[in-house]
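Taking it in order: structure first as structure tokens, then the write-up.
Values quoted throughout were computed directly from the atomic coordinates according to the rules given, and no laboratory measurement underlies them. Predicted model only: the values in this text are computed from it and were never measured. Using ideal geometry, Cβ is built from the backbone for each residue, glycine included, and neighbour counts are taken over all protein chains shown.
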Amino acid sequence: MSHRFIDRLHEVLDTSSVLTGADIDERYYHDLAGRTVAKPRAVVRPRTTEQVSDLLRLCHHEKVPVTTQGGMTGLVCGALPNANEIVLSMERMNAVEEVDTSAGVAIAQAGALLQRIQERVEQEDHMFPLDLGARGSCTIGGNISTNAGGNRVVRYGMTRDLILGLEVVTANGTILLGLRKYIKNNTGIDLKQLFVGSEGILGVVTRAALRIFPAPSERQVALCALHSFEQVSSFLRMARQHLDGELTAFEAMWNEYYRLTIERVNGVVGPLPTYHPFYVLLEASGNNADRIYADFERLLETAKDKNLILDATLSSSKTSAAAIWRIRDSTLELGRTFPYASRIGFDVSVPIGRMDEYANAIGARIKAIDVRAFTIVFGHVGDGNLHLELHHEHTPDRREEFERLVYNVTGEFGGSISAEHGIGVLKRSYLKITRTQEEIETMRTLKRALDPNNILNPGRIFTL
């Protein structure tokens, strides 16, 4: 990358949109997990789709690689710039442009924070159901690039299911105007789905048409203690039967997660004792308050009668519901109470019926590497997604060995090495565990067709 190229950036974009040298803040080369890389040569902050197009057209011509950034909340090094890459930050394209309740759609720019979208839609008595712990800092563009899941997948699906249309700029600067506001659109290949979950390697999403729904007037949250994962699985089946379409979330926490969160995270209070083997947070929502409450009470009474749950507490207000959710949302805070260099986060999917067997297999096998290593397990059990935090404080030099073990066991169980966080750079060498060589080659074919100069987030997911 020459000095002439930096000069061309200033010519193509206004001066305030291009940062170089001392003007580049650390946040552009530092991510949520605490990793820091070398400072990029330039950071570009466009305000419009046309400016994104001008930038990519120039980079395509000069063969300068670009890494696109949103809220920098990723955990797989997907948005950290590599050497010789410039950063394309979407932070200035952060508007929620429209909320159309009649069509059930909101139009937002890619840099809009998830929480900002939620709050704007709530002003119209609607909801955008995508929800995750990083809501206050992650952007919708990042959510789209990783096909984020979160807490309400059991009812509303992944990000992919919440996208009506996308505006995308391809590697050569072409703008794809796919921002449509309706569900039914069978007019050839559904191009938007190429870009959802592709981690920015095929194009840059600039605006999105998002599905929104009438906000439920009632939301009930309960925290339950259970003796075994078999009972957790049975309780999930019962919750689906009793609550049907009202079931919004079903989150499971193994004892270590619940107990350590209560013990180590400031401000978190546990309404149930910390000695139970499993805990389930479940949520139901709808517009008939009496029915929601009655269905919830009936579910808990039936579960107790059948000895599925040992203890339970039901939220009595929005404050108590938020306090229960705070336990489940404290994953980052809990992780930060342990040494960074010796903790590894895993985001996997495995068949629900084999989750406990999987967690036990991981727990047993890591002891062969380090008898003092341990795992903290929790996740969105209602949709098959587990999160594991592996801690190996006494063997920090064996990180790769632990990673290889966990991903190989995931493959043995027929699982996915990434449920919702993407592949990025960190999981790239393990992609073959989940996807066949033919699938990976097909991905490469798409990449070469849409980005022949390999300038968009090169080296993420796979190499060419």
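With a cut-off of 8 Å between alpha carbons and a minimum separation of six or more residues, what is the relative contact order of the chain in percent? Result for the chain is 15 percent. Relative to the longest principal axis of the Cα atoms of the chain, the long axis of helix 289-305 lies at roughly 60 degrees.
Against the chain, whose longest principal axis is taken from its Cα atoms, helix 355-366 shows a tilt of about 70°. Holding the Cα-Cα limit at 30 Å, pick out from 192/318; 39/181; 367/432; 63/192; 63/427; 367/427 the pairs that are longer than that. From 192/318; 39/181; 367/432; 63/192; 63/427; 367/427, over 30 Å: 192/318; 39/181.
Normalising by the residue count of segment 345-464, find the relative contact order in percent from Cα pairs under 8 Å and 6+ residues apart.
So the answer I get is 28 percent.
Between the listed residues 286, 48, 268, the Cα displaced farthest toward the positive end of the dipole of the chain, a dipole computed from Cβ unit charges relative to the Cα centre, is found at 48.
Separation of segment 257-294 and segment 117-131, taken as the distance between their Cα centroids, equals 23 angstrom. Centroid-to-centroid, using Cα positions, segment 43-115 and segment 405-462 are 22 Å apart. Based on Cα contacts under 8 Å between residues 6+ apart, segment 3-89 shows a relative contact order of 35 percent. Selection among 296, 322, 220 by position relative to the dipole of segment 218-332 gives 322 as farthest towards the positive end (Cβ unit charges, Cα centre).
Neighbours of residue 58 by Cβ distance under 10 Å: Lys/Arg scored +1, Asp/Glu scored -1, total -1.
For the peptides 219-226, 435-442, residues were scored by their other Cβ atoms within 10 Å and the scores averaged per peptide; the highest-first order is 219-226, 435-442.
Peptides 244-250, 100-106, ordered by how many other C-beta atoms sit within 10 Å of their residues on average, highest first, read 244-250, 100-106.
Working ranking of peptides 193-205, 229-241, 5-17 by packing, defined as the average number of other Cβ atoms within 10 Å per residue, highest first, is 193-205, 229-241, 5-17. On the beta carbon distance between residue 82 and residue 371, with R0 = 45 Å, the FRET formula returns roughly 0.75.
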